[in-house]
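Structure, as structure tokens:
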Amino acid sequence: SILVLDEIDHLAASTSQMFAIAAAPQMRACLRLIGISNTHTLTHAEPSATTRTIHFEPYTAAQMKSILSARLANLPDTSSKLFSPATLALLTMKIASQTGDIRTVFSVARRALDLAVAGSPSSPATTVIPAHILAALKASHASMGGSQAKAGAETVTRVRNLGLHARFALAALLLATRRITSGLPLSGSSASSSRLKEN
């Protein structure tokens, strides 16, 4: 069986719970766990011979600029001058120095474009300037706390939309994690199993 958990760093409230999730495949030989995470707290804190890490480097400013330029090239000719090369460089360098996350680049670019359109509603040729990028970055940082709450609500909605078997699997994984974190075995206690053997 293969279990894929995305955003595994958000599933556990503590590092010890994350260790327990990672230890689950060691308890059951037929289980393989693929955990996807934006952080490396699990593998850095407790390296294991059974854990294999594949690290994907964050995007560089040049890579992000290339991706964004390619997306902008697909727009109609009238929209090709939305972002000057200097504005694109500012945007991608700022994001590369913070997270290197291409999703953030697209989000900030969209916010900056919205600001540019709002600033010149009557102008047919809208151009995003560095001031729009800086304002969009500031707004993006301010909304980070709210987006984490939104992500939690989305997780609850996704779990509610799961089928019955998927909910049982998730509940079993959560129960196993809590038992391991508490130092309890996954199955019945050793005392009760020894009593059964004696009878």
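The values are calculated or read from the model by the stated rules, or taken from the named source; none is laboratory data. Fair warning: this is a prediction, and the values are worked out from it, not measured in the lab. Because the Cβ atoms are built from the backbone with ideal geometry, glycine has one as well, and the counts that use them run over all protein chains shown. Each accessible area value is taken on the protein alone, full model and side chains, heavy atoms only, with ligands, DNA and RNA left out. Shrake-Rupley method; radii C 1.70, N 1.55, O 1.52, S 1.80 Å.
If we count every other residue with Cβ under 11 angstrom of residue 72's Cβ, Lys/Arg +1 and Asp/Glu -1, where does the sum land? Can you show the working numbers first?
Numbers: positive: 65, 71, 81; negative: none.
My count for the surroundings of residue 72 gives +3.
Residues in the stretch 106-129 near a label at residue 84, defined as backbone nitrogen under 13 Å from the 7 Å Cα→Cβ point?
Of the residues in the stretch 106-129, 127-129 have backbone N under 13 Å from the label point off residue 84.
Using a 1.4 Å probe and ignoring any ligands, DNA or RNA, find the accessible area of residue 31 and quote it in Å² to the nearest 10.
Roll a 1.4 Å probe over it and residue 31 shows about 40 Å².
Could you report the accessible area of residue 182 in Å², rounded to 10, computed with a 1.4 Å probe on the protein chains as they sit in the structure?
Per-residue accessible area (residue 182): approximately 90 Å².
For 127, 177, give me the order by solvent-accessible area with a 1.4 Å probe, most accessible first, ignoring ligands, DNA and RNA. Write out the running numbers ahead of the final one.
On the way: 127 65, 177 10 Å².
Sorted descending by solvent-accessible area, the residues read 127, 177.
Report ³J(HN,Hα) in whole Hz for each residue of the stretch 180-187, in order, from the Karplus equation J = 6.51 cos²θ - 1.76 cosθ + 1.60 where θ = phi - 60°; Gly and Pro get x.
5, 4, 7, x, 9, x, 5, 9
According to a simple spin-label model (label point 7 Å from Cα along Cα-to-Cβ), what is the distance in nm between residue 164 and residue 141?
For residue 141 paired with residue 164, the spin-label model returns 5.1 nm.
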